[in-house]
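Have a look at the structure below, then the notes.
Values quoted throughout were computed directly from the atomic coordinates according to the rules given, and no laboratory measurement underlies them. Bear in mind the structure is a predicted one, so any value in this text is a computation, not a measurement. Quick reminder, even Gly has a Cβ in these numbers, built from the backbone with ideal geometry, and neighbours come from all protein chains shown.
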Amino acid sequence: MQGKLTDAQWKELITPNSELNKRWLGQIDKIASYLKQLQYAHVPVLWRPYHEMNGVWFWWGNRPGSDGVIKLWKMMYDRFVNVYHLNNLLWVWGANGPRDIPKDEAYAYKNFYPGATYVDILGTDIYHFDYEQKDYNELLDLAKGKIIALTEVGELPKPEILEAQPKWAWFMVWTSWIWTDNTRERVKEIYSGIKTINH
């Protein structure tokens with residue numbers, strides 16, 4: 001997943017009936033068959049494809065604009081919704097918190113957002129304790145009333161962060177980070193906090 005596509009390969013990927021596009025469709029169709037089983041079983045799915053797309057580390061990453069990851073997202077959405085009629089997916093758009101760490105950059109949300117028609121929930125992944133108020137405000141502005149979430153975190157948000165940023169619906173800590181980047185006291189504090197439901 002952390003490979004790269006050349007610009008030519010990317011163009012081929014988003015071009016209907018090209019070899020790379022057909023290969024992608026084959027993979028998407030296989031995924032759809034499993035999601036269809038969940039639909040038949042009445043299981044809703046928080047579907048979060050192409051996460052951290054505003055970062056530089058995944059093959060779908062750092063492809064802003066209408067012919068970038070936005071196009072790929074819409075292609076998947078169209079296939080799942082209009083071809084397979086999957087209605088059990090909640091589409092979670094999960095970017096990375098913007099940051100300017102050299103060779104680990106993540107850019108502003110707006111250039112990667114496919115639009116309200118294609119997204120049910122907006123999320124962000126926060127590592128390195130980047131709970132920036134300006135980024136929270138940008139996500140809220142894009143959401144226009146939709147649910148927002150901390151779709152991945154490394155260091156848990158402190159109570160004062162949740163106080164200043166009260167619209168987060170949930171947070172999910174990356175499994176290996178819960179004890180490596182958080183103290184037991186911090187974990188207990190956040191999970192027993194008045195703003196946290198954890199059953």
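Would you confirm whether or not segment 40-54 contains a residue that is in a helix (DSSP H, G or I) and either hydroxyl-bearing (S, T, Y) or in contact with a Phe, Trp or Tyr (Cβ under 9 Å, 6 or more places away or on another chain) (or both)? Give the steps one after another, and end with the answer.
Taking segment 40-54 and keeping what is in a helix (DSSP H, G or I), we get 40.
Within this subset, residues satisfying the condition of being either hydroxyl-bearing (S, T, Y) or in contact with a Phe, Trp or Tyr (Cβ under 9 Å, 6 or more places away or on another chain) (or both) are 40.
Yes - at least one qualifying residue is present in segment 40-54.
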So is K110 under 16 Å from the mean Cα position of the chain (by Cα), outside any strand (DSSP E or B) and of a type in the set (K, R) or not? yes
Would you tally the residues in segment 146-184 being of a type in the set (A, V, I, L, M) and more than 19 Å from the chain's Cα centre (by Cα)? 4
Kindly check whether there is at least one residue in segment 81-92 that is in a loop (DSSP other than H, G, I, E, B), out of contact with any helix residue (DSSP H, G or I) (no Cβ under 8 Å at 6 or more places or on another chain) and buried (at least 18 other Cβ atoms within 10 Å of the Cβ). no
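Given the condition small (G, A, S) and part of a helix (DSSP H, G or I), answer yes or no: does some residue in segment 116-123 qualify?
Restricting attention to segment 116-123, the residues satisfying the condition of being small (G, A, S) are 116, 123.
From the residues that got through so far, the ones that are part of a helix (DSSP H, G or I) too are 116.
Checked against the condition, which is being small (G, A, S) and part of a helix (DSSP H, G or I), segment 116-123 yields at least one hit.
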Answer yes if at least one residue in segment 24-35 is touching a strand residue (DSSP E or B) at 6+ places or on another chain (Cβ under 9 Å), on the phi > 0 side of the Ramachandran plot and without any contact (Cβ under 8 Å) to a residue 60 or more places away in the chain, and no otherwise. no
Working only within segment 147-192, note down all residues that are surrounded by 15 or more Cβ atoms within 10 Å (Cβ to Cβ) and in a loop (DSSP other than H, G, I, E, B). G154, E155, L156, P157, K158, Q165, D181, N182
If a residue must be of a type in the set (A, V, I, L, M, F, W, C), more than 22 Å from the chain's Cα centre (by Cα) and either surrounded by 15 or more Cβ atoms within 10 Å (Cβ to Cβ) or farther than 30 Å from I147 by Cα (or both), how many such residues does segment 1-50 contain? 2
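One line per residue, one yes/no per condition, for (1) over 28 Å from Y118 (Cα atoms); (2) not aliphatic (A, V, I, L, M):
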| residue | (1), (2) |
| --- | --- |
| E138 | no, yes |
| K144 | no, yes |
| W168 | no, yes |
| M172 | no, no |
| K188 | yes, yes |
| S192 | yes, yes |
For the structure I just gave you, tell me whether F129 is within 18 Å of the chain's Cα centre (by Cα) and either over 23 Å from L89 (Cβ atoms) or not in a strand (DSSP E or B) (or both). yes
